[in-house]
Amino acid sequence: MTSSISGSLTVIGLGPGNAAQVTPEALAAIEAGEDFFGYGPYVDRLNLRDDQRRHASDNREEISRAEAALMLAAKGGRVCVVSGGDAGVFAMAAAVCEAIEAGPAEWREIHFSVVPGITAMLAVAARVGAPLGHDFCAISLSDNLKPWELIEKRLIAAAEAGFVMAFYNPVSKARPHQLSRAFDVLRAHLPGSVTVVFGRAAGRPDERMRIEPLSNAHSDMADMATCIIVGSTETRLIERPGQAPLVYSPRSAGKI
């Protein structure tokens, strides 16, 4: 059955912040869009034409942003919602899907698509070697949408299963102590020698990579622009004369 709605909504991942890491597919979607919704700093990364319109909002307004974009698409607009990194990893694609599920029936007729982007953990991993070379998982440390007790349960399960872990949303002004609590949980289940990578602003001019053992890792080493990769007991550090060390997780699995 053909939809009676001519509008479209495309959620676009803009990558970690380096213009060279925005995909051709994302650039084409931006070229075709009319209205662009997103967190202010992400919308500011777009080079829009005079006939294209920006709708910037606060980072905590994801559902209202998604609803506003869907309402405009339902009227026939070619609407884009932009996210940093990959739009489907702790970002706007899920918020738009949530709004569609809870919204009016006509929103389900809107042509909806997602354009992937390079997510933070991939950008950080590429800077230090191959820490995600074997099984890994990604965990948001924000308890805005789930209880902290569940986060701790997942940290323990991932550590005991031997996963490398990538942490998103590690700290904020409202959550200054949770990263320290996460490290304390991990230190009870992993050796202190496990490698931790603090990757801040990967690919941007203010990029900063820091590698520490778990025994020395603490929350002051991260901010909201940081993606943290915690290695497994199999993850290795290769020292190199005059160069930063390489971090990698071997392709072969450890013993259980």
Helix-derived mean residue ellipticity, 222 nm - over the chain, DSSP H n ≥ 4, -39500 (n - 2.57), to 500: -8000 deg cm²/dmol
Translational diffusion coefficient (Stokes-Einstein; Kirkwood radius from C-alpha pairs) of the chain at 37 °C, 0.692 mPa s, in µm²/s: 168 µm²/s
Relative frequency of Cα-Cα separations exceeding 24 Å in the range 62-185, percent: 42 percent
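Can you give the net charge of the other residues whose Cβ lies under 15 Å from the Cβ of S83, counting K and R as +1 and D and E as -1?
Details: positive: R45, R54, R60, R65; negative: E25, D44, D58, E61, E62, D86, E98.
So the environment of S83 carries a net charge of -3.
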Values of log10 I(q)/I(0), in the order q = 0.12, 0.18 Å⁻¹, for the range 36-109 under a Debye, Cα-only, solvent-free model: -0.30, -0.68
Nonlocal amide H pairs with A130, under 5 Å, H built at 1.01 Å: V247, Y248, S249
On Cα atoms only, tilt of 92-102 relative to the major axis of the chain in degrees: 50 degrees
Accessible surface of the range 8-153, 1.4 Å probe, proportion on carbon and sulfur as whole %: 53 percent
Heavy-atom accessible area per residue - the range 142-256, 1.4 Å, Å²: 55 Å²
Centroid-to-centroid separation of the range 208-236 and the range 151-194 [C-alpha atoms, Å]: 10 Å
Candidate aspartates and glutamates - alpha carbon under 14 Å from K146, same-chain residues fewer than 8 apart omitted: none
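How big is the convex hull of the Cα atoms of the range 124-212, per residue, in Å³? Provide the component values of the computation, followed by the final result.
Numbers: hull volume 9.3 nm³, N = 89.
Dividing the Cα hull volume of the range 124-212 by its residue count gives 105 Å³.
The values are calculated or read from the model by the stated rules, or taken from the named source; none is laboratory data. What you see is a predicted model, and the numbers here were worked out from it, not measured in a lab. Neighbour counts are summed over all protein chains in view; Cβ atoms, including those assigned to glycine, are modelled from backbone coordinates with ideal geometry. Surface areas here come from the heavy atoms of the whole protein model, side chains and all, with no ligands, DNA or RNA. Shrake-Rupley method; radii C 1.70, N 1.55, O 1.52, S 1.80 Å.
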